[in-house]
Amino acid sequence: MSRISEVLGRIQTVREYTVSLVDAVPESEWFRQPTEGVTHVAWQVGHLAMAQYRLALDLVRGVQSGDDELISARMLEIYGKDSIPDPDPAANASVEEIRGAYDSVHAAVIEEIGAMDDSILDEPSSRDHPVFDTKGGALEWSARHEMLHAGQIGLLRRLFGEAWIR
């Protein structure tokens, strides 16, 4: 098995787990913050779309024309690093846009990165990052970062009184 296939397998496994959590939250609850200062599911999913785009596409193959069809500049801003979750649906992208970007970015990662040669994994990423310095490191961090946020989505579900997912 190629190294690219292995890292994409980890990205896919984490995504399947995260989707199971996201799908178990009714859209009517996506902007609910259980208490002030706590995030909401819409921000978590939007942030994951933004982060996967930055980590697994931008830092690996660079920004390309047509990327705005995967994820809008507005979404990159609203859900970017250091953004603050706002529970007002009007201050956010719609659930449909958030979920669309989350799914579209992931599909592009699987397709585009899957077509690349293992040699790219050892190349330097296109920008500095405090956690990694190679394109392979960016891809690995994409999976780990998503798992961290999956935990937050799971906690939000529990705070909403939802049952454990089995």
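The values are calculated or read from the model by the stated rules, or taken from the named source; none is laboratory data. Computed from a predicted model, the values in this text were never measured in an experiment. Glycine also receives a Cβ, built like all others from the backbone with ideal geometry; neighbour counts cover every protein chain displayed. Remember, those area values only see protein heavy atoms, side chains included, never the ligands or the DNA or RNA. Shrake-Rupley method; radii C 1.70, N 1.55, O 1.52, S 1.80 Å.
The lone criterion from (1) at pLDDT below 95; (2) within 12 Å of the chain's Cα centre (by Cα) left unmet by residue 49 is number (1). The set of residues from the stretch 14-29 being out of contact with any Lys or Arg (no Cβ under 9 Å at 6 or more places or on another chain) and open to solvent by less than 40 Å² (accessible area, probe 1.4 Å) comprises 15, 18, 19.
Only a single criterion out of (1) surrounded by fewer than 16 Cβ atoms within 10 Å (Cβ to Cβ); (2) in contact with a Phe, Trp or Tyr (Cβ under 6 Å, 6 or more places away or on another chain) is not satisfied by residue 38, namely (2).
Residue 71 meets the conditions (1) among the hydrophobic types (A, V, I, L, M, F, W, C); (2) in a helix (DSSP H, G or I); (3) open to solvent by less than 30 Å² (accessible area, probe 1.4 Å) in every case but one. The failed one is (2).
Kindly check whether there is at least one residue in the stretch 87-102 that is part of a helix (DSSP H, G or I), of a type in the set (A, V, I, L, M, F, W, C) and under 18 Å from residue 24 (Cα atoms). Checking the stretch 87-102: at least one residue is part of a helix (DSSP H, G or I), of a type in the set (A, V, I, L, M, F, W, C) and under 18 Å from residue 24 (Cα atoms).
In the list 101, 138, 107, 93, which residue meets the criterion of being closer than 16 Å to residue 19 by Cα, at pLDDT 95 or above and surrounded by 19 or more Cβ atoms within 10 Å (Cβ to Cβ)? From the options 101, 138, 107, 93, the qualifying one is 101.
Residue 37 meets each of the listed conditions (1) touching a helix residue (DSSP H, G or I) at 6+ places or on another chain (Cβ under 9 Å); (2) modelled with pLDDT under 95 apart from (1).
Residues in the stretch 142-166 that are closer than 18 Å to residue 31 by Cβ, in contact (Cβ under 8 Å) with a residue 60 or more places away in the chain and either within 10 Å of the chain's Cα centre (by Cα) or open to solvent by 90 Å² or more (accessible area, probe 1.4 Å) (or both): 149, 159. Considering each residue of the stretch 48-60 in turn, at least one proves to be open to solvent by 60 Å² or more (accessible area, probe 1.4 Å), under 20 Å from residue 10 (Cα atoms) and either out of contact with any strand residue (DSSP E or B) (no Cβ under 9 Å at 6 or more places or on another chain) or of a type in the set (D, E, K, R) (or both).
Residues considered: 78, 4, 11, 113. Of these, the only one that is buried (at least 19 other Cβ atoms within 10 Å of the Cβ), of a type in the set (Val, Ile, Thr), within 19 Å of residue 152 (Cα to Cα) and in contact (Cβ under 8 Å) with a residue 40 or more places away in the chain is 11.
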